[in-house]
Amino acid sequence: MTDAPRRPDPIPLTVLTGFLGAGKTTLLNRMLRDPALADTVVIVNEFGEIGLDHLLIEGVTEDMVLLGAGCLCCTVRGDLIATLEDLLRKRDNGRITPFRRVVIETTGLADPAPILHALIYHPYLVMRYRLQGVVTVVDAVNGSATFDDHPEAMRQAAVADRIVLAKADLAGDTAPLRARLAALNPSAPIDPPDVPAATLLGGFFGLDGKA
């Protein structure tokens, strides 16, 4: 009797979120230069938003480019689930280099809960991807005001496994915001914006209260 083919190990996936203007694009731009992202696919909303010209090596397809650090960057074409499924098809049939990690950049206005729910409960994706962690970028200057005015910004911070506090050098005293973040999400470490990409991508995702 022939043994059944071994199911491939799930691909770790990190969600990068943060409200409009928080500094998410700046963080992503720095991460895209990091050798730690070699063999990684980064899914963004629009190439133009992060300015890839200085990192570009070659176009792979209409919606996918190869960057200097060795990672692939692609745009969401309609539905995120369809994009993730399409990446698997291209990987499995050899149309793109096998990747070992995925990073998803969400829109600034997105409530991450539906994305996390789909990644946890989709019958096919849950076999092929493993949710590694959620990284949320918070603006140290305007973070508290943003939380007051936009509930989705609070939800982004509440589901984070790691929080990156951007623009802290411009904010003065960040202790009140740090205390608010600690009360909102006591388990999430608060990192500076220059935290290594390998640290951000090595988080652990906990299901409790996330979806």
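Each value in this text was obtained by applying a stated rule to the coordinates, not by laboratory testing. Quick caveat: nothing in here was measured; it's all calculated off a predicted structure. Cβ: placed from backbone, ideal geometry, glycine included. Neighbour counts: every protein chain shown.
The stretch between D169 and D39 holds 43.6 nm of extra length on full extension. This uses 0.36 nm per residue minus the Cα-Cα distance. Listed values for the stretch 7-20 are Karplus-derived 3J(HN,Hα) couplings in whole Hz (6.51 cos²θ - 1.76 cosθ + 1.60, θ = phi - 60°), namely 5, x, 4, x, 8, x, 9, 10, 9, 10, 9, x, 6, 3, and x replaces Gly and Pro. Report the percentage of all Cα-Cα pairs in the stretch 11-200 whose separation exceeds 22 Å, rounded to a whole percent. In whole percent, the share of Cα-Cα pairs in the stretch 11-200 beyond 22 Å is 45. Evaluating 6.51 cos²θ - 1.76 cosθ + 1.60 at θ = phi - 60° for every residue in the stretch 95-100, the Karplus couplings come out as 6, 10, 4, x, 10, 10 Hz, glycine and proline recorded as x.
For the stretch 11-200, with only Lys/Arg (+1) and Asp/Glu (-1) charged at the beta-carbon, what is the dipole magnitude about the Cα centre, in debye rounded to 20?
In total the dipole reaches around 620 debye.
Rg and Dmax over the alpha-carbon atoms of the stretch 81-130 stand at 11.9, 35 Å. Between amide H atoms placed 1.01 Å from N, distances below 5 Å from V42 occur with L72, C73, C74, V103, all of them 5 or more places distant or on a separate chain. Under 5 Å between amide hydrogens, built in the peptide plane, is the criterion, and for G18 it picks out V137 among residues at least 5 positions away or on other chains. Relative intensity of the stretch 76-165 on a log10 scale, I(q)/I(0) at q = 0.12, 0.15, 0.19 Å⁻¹, equals -0.45, -0.66, -0.94, per a Debye sum over C-alpha point scatterers of equal strength in the absence of solvent.
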